[in-house]
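Trainee: Okay, handing you the structure first.
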Amino acid sequence: MKWQIILSGLRARPVRTGVTIMAVSLQVALILVIVGLTTGTANEIGKRIAGVGADIMFQAPGADVLLAANGANLKEKFATELAAKEGIQRVAPVLVKISTAPLVNIFGIDPESFNEVSGGLVYLDGKVFSEPDEIVIDDIFSRDKKLKVGDSIELIKHKFKVSGIVQNGKGSRVFMGLEAAQDLNNSPNMVSVFFIKLKDSRNINAAIEKLSADFPGYELRNVPEYAALMNGASIPGFDDFNAVVVFVALCIGIMVIFLSMYTTIMERTREIGILRSLGASKMFIVTLIMKESILLCVIGVILGTIGSYIIVDSAKSFFPSLAFLISYKWMIVAAISALVSGVVGSLHPSLKAASQDPVEAFAYE
Amino acid sequence: MLIETVDLKKTYRTGKVDVEALRGVDVRIRAGELVAIMGPSGCGKSTLMHLLGAMARATSGRVLMDGKDIAQMNDSERTAVRRTKLGFVFQKLNLLPTLTARANIEIARTIQGSEGDEKIDVYLADILKILKIDDKLDRRPSELSGGEQQRFAIARAVSHRPAIVLADEPTGALDSKNSEAVLQMFRELNRKFQQTILLVTHNPELAGYADRLIEMRDGLVVHDSGSIASAAVGN
């Protein structure tokens, strides 16, 4: 019966109901889409790095897990030294350069060593770069920027010509020659990372231990574990950023629910007076208002989750290089956030409604 | 004795001024009576009804119902009294506007715990026939006339067979034809089911439908046509 009051009340005020549900949906979508974008991007970078096919990533002391954040601070000649170590099959030096407009990592590679470590870039069209102003792009970047072989694009304030399009998934979306990248970066003979392929990939950690002894202080990362590492926790500020997003969404949700429920109890003062005169307890009134609020939030969670997938799909169709990851974990976080908004936002209005004096409620018109 | 007030006083504070709405009211209502409380606006009749209806606390004095003083009870105790022993009919906007008439009655029965009680079902069916609204149960208040709304409010008020029904200006928002019909129905409920009914009004015509008339002025009872004391003197 209580649900009948709630549902009929919601039906009777379609605008308020609709706007409240929409606001809760936005709260949920805000969390799922923004966190999905950050998580998805990190996850996608991790997968691409893992896709290089190397066993170990060798970086300068104190280097960040985000390759683009480090610049070129390793001497290229280390590659020879590393390659001479026991158990190492091949070393691919890479200079990682970031372009801000458009935002993309560029791998400066030595095609021969990179192909040996990665098993080779798979060309869908064109061929490897042969000039300093030529680049190879992956199919996603090609679709995103509507580029085909022979087209030009400006990256890092330089005009580049597309010489080939490769299948995505191996390190970066844009590749250029290592020397050209070093020149562009004003860092001759310097690189950002060495991708190391072991002769026997079964015991990567033992190889890392050995290399650590030979190169104390250098960052050595197990590449297959890198994708898992890129899920967030290890990226500086990642969890804090997500926490801020959830907090902001929660605040918005609480305010919307508060306003909505406060308005509704003001509108329904006389109805509440009628219920109180019939003998409805304060708890009855509190649970009535809270259940209404929670119902709005549940509908908001469902629509917000569906809406998030629609937003993500639309965003991907317009910007193919964007990566999203809507995980169950964040769905639960978004749902809890919305439900907490429902409870907290309706707490004061419901207590206010319950504490209304029946006599005064009847005098209210 | 069903309900009795003893030196009942109620003072409201408005700003720095104390307004004495009741200045010592002694009233005794017997079971099965149909009583009209009359008086001009501001005489304290609605305040008396609120105190008899466990809707407010008295400043002093007592309201005894089944030997318990409801005037000094806390909110949850008064709520329980309203739920189990009382039924209310107000001047207007008695029904929850978003629910059908049937749901308005059902919500009362849910709150009062009489949902699914077969005896009450039979009784209620009878009441709805007497009130001539048994064919309008699925209408919303906006689809009912003022008189029909008031009749549903009466049906809801008696749906759990309360000890006493309190009606505050029940015909105040009705035309004369509907007023008469509603008052006739109060009388029929009183006669057929011995339902105790207390009508509060400022309309002298309404008094003709009651068995007993209590007149109030300035927070005091100035005349009671059928008080226990006057009945004893009469005997």
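Trainee: Separation between the A:ILE332 and B:PHE193 pseudo-spin-labels, each 7 Å from Cα along Cα→Cβ, expressed in nm?
Mentor: 5.3 nm
Trainee: Which translational diffusion coefficient, to the nearest whole µm²/s, is obtained for segment A:196-257 from the Stokes-Einstein equation, given a Kirkwood hydrodynamic radius over C-alpha pairs, 25 °C and 0.890 mPa s?
Mentor: The calculation lands on 164 µm²/s.
Trainee: Helix B:176-193: angle to the longest alpha-carbon principal axis of chain B, degrees 0 to 90, nearest 10?
Mentor: 90 degrees
Trainee: Would you mind checking which residues have amide H under 5 Å from A:ALA60's amide H? H placed 1.01 Å from N; only 5 or more apart, or other chain.
Mentor: Those lying under 5 Å, H to H, from A:ALA60 are A:GLU219.
Trainee: Only helical DSSP H runs with n ≥ 4 go in: add -39500 (n - 2.57) per run for the protein assembly as shown, normalise by residue count and round the 222 nm mean residue ellipticity to 500 deg cm²/dmol.
Mentor: -15500 deg cm²/dmol
Trainee: To continue, here is another question. Give me the percent relative contact order of chain A, please, defined on Cα pairs under 8 angstrom at least 6 residues apart.
Mentor: 29 percent.
Trainee: Given segment B:1-156, what count of lysine pairs have C-alpha atoms under 23 Å apart, with each pair 8 or more places apart or on different chains?
Mentor: 17
Trainee: If you put +1 on each Lys and Arg Cβ and -1 on each Asp and Glu Cβ, how big is the dipole of the protein assembly as shown around its Cα centre, in Debye rounded to 20?
Mentor: That gives the protein assembly as shown a dipole magnitude of about 1360 debye.
Trainee: Next up: Given the C-alpha centroids of segment A:103-171 and segment A:44-98, what is the distance between them in whole angstrom?
Mentor: The distance from the Cα centre of segment A:103-171 to that of segment A:44-98 comes to 19 Å.
Trainee: With N set to the number of residues, divide the alpha-carbon radius of gyration of the protein assembly as shown by 2.2 N^0.38 Å and report two decimals.
Mentor: With N residues counted in the protein assembly as shown, Rg over 2.2 N^0.38 Å equals 1.59.
Trainee: Tell me, what is the percent relative contact order of segment A:88-213, built from C-alpha pairs under 8 Å that lie six or more residues apart?
Mentor: Answer for segment A:88-213 is 35 percent.
Trainee: With springs only between Cα atoms under 10 Å apart, run a GNM on chain B and tell me which of B:SER179, B:SER225, B:SER76 wobbles the most.
Mentor: Among B:SER179, B:SER225, B:SER76, the largest GNM mean-square fluctuation belongs to B:SER76.
Trainee: Please find, in a Gaussian network model of chain A (springs between Cα atoms separated by less than 10 Å), the residue of A:GLY120, A:GLY46, A:GLY62 whose mean-square fluctuation is greatest.
Mentor: Judging by the Gaussian network model, the answer is A:GLY62.
Trainee: In whole percent, what relative contact order does segment B:1-142 give with Cα contacts below 8 Å and a gap of six or more residues?
Mentor: With pairs under 8 Å counted, the relative contact order is 20 percent.
Trainee: Moving on. Where Lys and Arg each count +1 and Asp and Glu each count -1, what net charge lies around A:GLY120 among other residues with Cβ under 15 Å from its Cβ?
Mentor: Overall, the nearby charge balance is 0.
Trainee: Once you've got the Cα coordinates, tell me which of A:LYS47/A:LYS75; A:LYS77/A:LYS199; A:LYS85/A:LYS329; A:LYS75/A:LYS159 are over 31 Å apart.
Mentor: Long pairs (Cα-Cα over 31 Å): A:LYS85/A:LYS329.
Trainee: Which helices pass in chain A if a helix is a full DSSP H run, must span at least 18 angstrom along its long axis by Cα, and must have mean Kyte-Doolittle hydropathy not below 1.0?
Mentor: A:14-50, A:238-267, A:282-318, A:328-354
Trainee: Now, a different point. In debye, nearest 20: dipole of segment A:139-289 around its Cα centre with unit charges on the Cβ of K, R (+) and D, E (-)?
Mentor: Using Cβ point charges on Lys, Arg, Asp and Glu, segment A:139-289 gives about 540 debye.
Trainee: Scaled to the compact-protein estimate 2.2 N^0.38 Å, what is the alpha-carbon radius of gyration of segment A:1-83, rounded to two decimal places?
Mentor: Segment A:1-83 yields a ratio of 2.19.
Trainee: Just the Cα atoms of chain B, one point each, no solvent: what log10 I(q)/I(0) does Debye give at q = 0.15, 0.18 Å⁻¹?
Mentor: Cα-only, vacuum Debye calculation for chain B: -1.02, -1.41.
Trainee: Take the alpha carbon atoms of segment A:259-293, find their center, do the same for segment B:66-87, and report the distance between the two centers in whole angstrom.
Mentor: Centre-to-centre distance over Cα atoms comes out at 21 Å.
Trainee: Right, next: With unit charges on the beta carbons (Lys and Arg positive, Asp and Glu negative) and the dipole taken about the Cα centre of segment A:1-81, which residue among A:PRO61, A:ALA29, A:MET1 sits farthest to the positive side?
Mentor: Positive-end residue among those listed: A:MET1.
The numbers here are math on the coordinates, done by the rules we state, and not lab data. Computed from a predicted structure; not experimentally measured. Positions of Cβ are backbone-derived with ideal geometry, glycine not excepted, and every protein chain shown enters the neighbour counts.
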